[in-house]
Amino acid sequence: MFDRFRAILFLAARDASRRKLAFLLIVLALSFTFFNLLVSYSFLHGLEATFVNGAMGIFGNVYITPLAGQEFLAEDESKLRQIFSQIPEISSYSIHLNMPATLKFEGKSFSAISMIGITSDELSTSTVANNLKDGQFLSFTSDDEIILGFDLADALKDFPYNMTFVHAGNDVEVISASGTTRTFRIRGVIDSKNIYSNFSAYATKAAVERFLNISGKNSEVVIRLKSEKDTNLVQERLKNLGITSYIGTWRDPSGYIAAFVDKVGFFFRLMAVVSLLVGVVVTSAILYIHTERKRRHIGILRALGTSKNFIVGLYTAEGVALSIVGIIVGSAAYAIVYRYFTLNPIETLIGDFRPVISLGQVITVVAIFLLATLIASLLPAQSAARERIKKILAER
Amino acid sequence: MPVNAIVDISLEIHKGEFTAFMGASGSGKSTLLNQIALIEKVDSGSIIIEKKEVTKLSEAEQARFRLNNLGYVFQFLNLFEELNLFENVCLPLRLLGRYNKQGKKYAQELLGYFDLGGERLRSYPNELSGGQQQKVAIARALVKKPAIILADEPTANLDWNGSVATIELLKRIQKDFGQTIILVTHEPELGAMTDRIVELRDGKIVKDKRNF
């Protein structure tokens, strides 16, 4: 058996060496098909992830807000910290105190969605501080600093979306709902690609407490988990440990994103499946034609004295071997693209876009691709192996 | 309604004989040859080659028997275009695990016997004439020292001179190697060059004549 296997490998190698162009074209076609599968899959998932990660970056995995009709959370800070310390799935959290605010700069006023009072916990919890467009983030050593979201800074300067915005170093007046006015120095401008954050201002929690003349009150908590999979578990645990405020997720404040992701996500998944099917059909066509061309060879080998099963097994293996080469070349090309876009994400209005694909998903794509090639090689090899030898050999 | 290609045939071919199966188109001569070659199925009856009943063997066993004991020369040459002359001849040796120093030497000697040695070993089928390609096909059948060489219309694509040369070559092989050869042809003059003519009509043997 091994001798005949070597004979077929010899034939395949000689075929490839005599028909270098055809062999190269087949491998290139299979490589591009596989590459396209990976790109489609990862770019579509990346787009979805851009939406979701952008929202999660601001609101965390779990998001605690007051119950309907309540202004503040039922729990004070020490109780919250005590509860959070009992949940190992929590990676970090940030407790906010928010207030409605109107900002005024050089005679122009604009109402922010919120002035959000934060502590240094925010740096390890959300991605707000990661997207500085100008200046620096809060130092947390002064209560006179403010960070503006980009859209807010843009709206305060001339006309919105005219590429000019209020820069760091400028002073801005903040007017509370009760009419209290305070001047803050703009320490930085952030662009988190999230409407809520970009139309908000950030100051220290102490500054907002002073502004509102209250203490010990909290408006919301942003919680980051070690794994997103633990979201439901943590929500349940928080409830059991005594949190009576509303325990939601990033979907709650990002209603528009969540709805968009749900509706468009289905479309994206459908496109990924279609892309996969197209790849499978193209691969099958390429290998079917390649193996069909071997009918005469199969007939000669059978007449010389090899069995049907052996012929089927080995020509199927040839098809799969070609596909493996295609997978290797396609994967190498994809790795370059993946690395490039991971290091150089595409900046979009909704966030920085990067391709997203897990090892499990790659394995799934590889398995489906190999299965398609197996079937595409198997069917014509079986057909030729089953045909009457004389009939095949009589074909010119 | 099923048609019986051959009916009630009883035939014995001795070692070293050169036999021609002849008849008009549809007489069953190729079917009989292919059944002996274990390429076509036998519905009833038995075929015994070298004291072995081969019709009852499984498909895989028949393939193995064919590989080890039978050499087939096809009607349409059927060489591998991507292999050179030497590689085509050695292919059965590779399948049999006999592609070693001895096997290669024998193949070279055979090709020398067919006047295809030397530089021509590296030639490809499309660089050879029809007659030369036929010699390569015969050499490929002969290289494994088969019990029988079966040739189905080996001269079909050759001109008359080439056809005669091919039959004369087969006769030489019969004489020099003691080879048993069964040939299918529809040319009476070519059949007359063999030792024995078995004539078929409508699937039955109507004449079995020795030529000497």
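The values are calculated or read from the model by the stated rules, or taken from the named source; none is laboratory data. In this text, all values refer to a predicted model and were calculated from it rather than measured experimentally. With ideal geometry, Cβ positions are generated from the backbone for all residues, glycine too; neighbour counts draw on all protein chains shown. Please note that ligands, DNA and RNA were not included when accessible areas were found on the heavy atoms of the full protein model with its side chains. Shrake-Rupley method; radii C 1.70, N 1.55, O 1.52, S 1.80 Å.
Please identify the pairs in which a residue from the range A:352-372 that is closer than 11 Å to A:PHE341 by Cβ has its Cβ atom under 6 Å from the Cβ atom of a residue that is in a loop (DSSP other than H, G, I, E, B), counting only partners at least 6 apart or on another chain.
Here the result reads A:ASP352/A:PRO345; A:PHE353/A:PRO345; A:ARG354/A:PRO345, each pair linking the range A:352-372 to a residue that is in a loop (DSSP other than H, G, I, E, B).
Right, A:ARG6: away from chain B (no Cβ under 14 Å), over 23 Å from the mean Cα position of the chain (by Cα), of a type outside the set (A, V, I, L, M) and surrounded by fewer than 17 Cβ atoms within 10 Å (Cβ to Cβ) or not?
No; evaluated as a whole, the condition is false for this residue.
Among A:LYS193, A:LYS157, which is farther than 12 Å from A:LEU103 by Cβ and open to solvent by 10 Å² or more (accessible area, probe 1.4 Å)?
Sole residue among the options that is farther than 12 Å from A:LEU103 by Cβ and open to solvent by 10 Å² or more (accessible area, probe 1.4 Å): A:LYS193.
Answer yes or no: is there a residue in the range A:344-352 that is modelled with pLDDT under 90 and in a helix (DSSP H, G or I).
The answer is no, given that none of the residues of the range A:344-352 is modelled with pLDDT under 90 and in a helix (DSSP H, G or I).
Could you list all residues from the range B:98-113 that are open to solvent by less than 20 Å² (accessible area, probe 1.4 Å) and within 12 Å of chain A (Cβ to nearest Cβ)?
Within the range B:98-113, just B:GLY103 meets the criteria.
What single numbered condition from (1) at the interface with another protein chain (Cβ under 8 Å from one of its Cβ atoms); (2) open to solvent by 20 Å² or more (accessible area, probe 1.4 Å); (3) touching a residue at least 24 places away in the same chain (Cβ under 8 Å); (4) not small (Gly, Ala, Ser) fails to hold for B:GLU87?
So B:GLU87 meets the others, but not (3).
Out of B:GLY23, B:GLY45, which single residue is more than 14 Å from chain A (Cβ to nearest Cβ), buried (at least 21 other Cβ atoms within 10 Å of the Cβ) and on the phi > 0 side of the Ramachandran plot?
Within the list B:GLY23, B:GLY45, the selection yields B:GLY23.
Considering the range A:315-326 alone, what residues qualify as being hydrophobic (A, V, I, L, M, F, W, C) and open to solvent by 20 Å² or more (accessible area, probe 1.4 Å)?
A:ALA317, A:VAL320, A:ALA321, A:ILE324, A:VAL325
Tell me which residues, restricted to the range A:79-104, are open to solvent by 10 Å² or more (accessible area, probe 1.4 Å), more than 19 Å from A:ILE58 (Cβ to Cβ) and either in contact with an Asp or Glu (Cβ under 8 Å, 6 or more places away or on another chain) or of a type in the set (Gly, Ala, Ser) (or both).
A:SER85, A:GLU89, A:LYS104
Just checking, how many residues over the range A:291-313 are assigned to a helix (DSSP H, G or I) and either surrounded by fewer than 22 Cβ atoms within 10 Å (Cβ to Cβ) or within 11 Å of another protein chain (Cβ to nearest Cβ) (or both)?
Total satisfying the criteria: 16.
Within the range B:171-178, does at least one residue satisfy the condition of being open to solvent by 30 Å² or more (accessible area, probe 1.4 Å) and within 14 Å of chain A (Cβ to nearest Cβ)?
There is no residue in the range B:171-178 that is open to solvent by 30 Å² or more (accessible area, probe 1.4 Å) and within 14 Å of chain A (Cβ to nearest Cβ).
Determine whether B:LEU95 is within 24 Å of A:ARG4 (Cα to Cα) and within 12 Å of another protein chain (Cβ to nearest Cβ).
yes
Tell me yes or no: at least one residue of the range A:32-44 is under 30 Å from the mean Cα position of the chain (by Cα), surrounded by 21 or more Cβ atoms within 10 Å (Cβ to Cβ) and within 30 Å of A:ARG210 (Cα to Cα).
Taking every residue of the range A:32-44 in turn, none turns out to be under 30 Å from the mean Cα position of the chain (by Cα), surrounded by 21 or more Cβ atoms within 10 Å (Cβ to Cβ) and within 30 Å of A:ARG210 (Cα to Cα).
For the range B:21-100, which helices (runs of 4 or more DSSP H) that fit wholly inside it have 2 or more residues that are within 18 Å of A:ARG388 (Cβ to Cβ)?
Because the criterion is at least 2 residues that are within 18 Å of A:ARG388 (Cβ to Cβ), the helices (runs of 4 or more DSSP H) in the range B:21-100 that meet it are B:29-36, B:59-69.
Residues of the range B:54-83 being of a type in the set (Gly, Ala, Ser), buried (at least 20 other Cβ atoms within 10 Å of the Cβ) and either more than 7 Å from every other protein chain (Cβ to nearest Cβ) or farther than 11 Å from A:GLY305 by Cβ (or both), which ones?
B:GLY71
Pull out all pairs, ordered by first then second residue, where Cβ-Cβ is under 6 Å, the residues are six or more apart or on different chains, the first lies in the range B:166-180 and is within 19 Å of B:LEU111 (Cβ to Cβ), and the second is polar (S, T, N, Q).
Listed by first residue and then by second, the contacts come to B:THR166/B:GLN134; B:THR166/B:THR155; B:ILE173/B:GLN179.
Could you tell me whether the range A:64-71 includes any residue that is in contact with a helix residue (DSSP H, G or I) (Cβ under 6 Å, 6 or more places away or on another chain) and open to solvent by less than 20 Å² (accessible area, probe 1.4 Å)?
Taking every residue of the range A:64-71 in turn, none turns out to be in contact with a helix residue (DSSP H, G or I) (Cβ under 6 Å, 6 or more places away or on another chain) and open to solvent by less than 20 Å² (accessible area, probe 1.4 Å).
For the range B:114-129, name all the residues that are away from chain A (no Cβ under 14 Å), in a helix (DSSP H, G or I) and open to solvent by 40 Å² or more (accessible area, probe 1.4 Å).
Of everything in the range B:114-129, those that are away from chain A (no Cβ under 14 Å), in a helix (DSSP H, G or I) and open to solvent by 40 Å² or more (accessible area, probe 1.4 Å) turn out to be B:GLY118, B:GLU119, B:ARG120.
Yes or no: A:SER215 assigned to a loop (DSSP other than H, G, I, E, B), at pLDDT below 95 and open to solvent by 70 Å² or more (accessible area, probe 1.4 Å)?
Yes: the conditions hold for A:SER215.
Of all residues in the range A:91-112, count the ones that are out of contact with any strand residue (DSSP E or B) (no Cβ under 6 Å at 6 or more places or on another chain) and either closer than 15 Å to A:PHE211 by Cβ or part of a strand (DSSP E or B) (or both).
2
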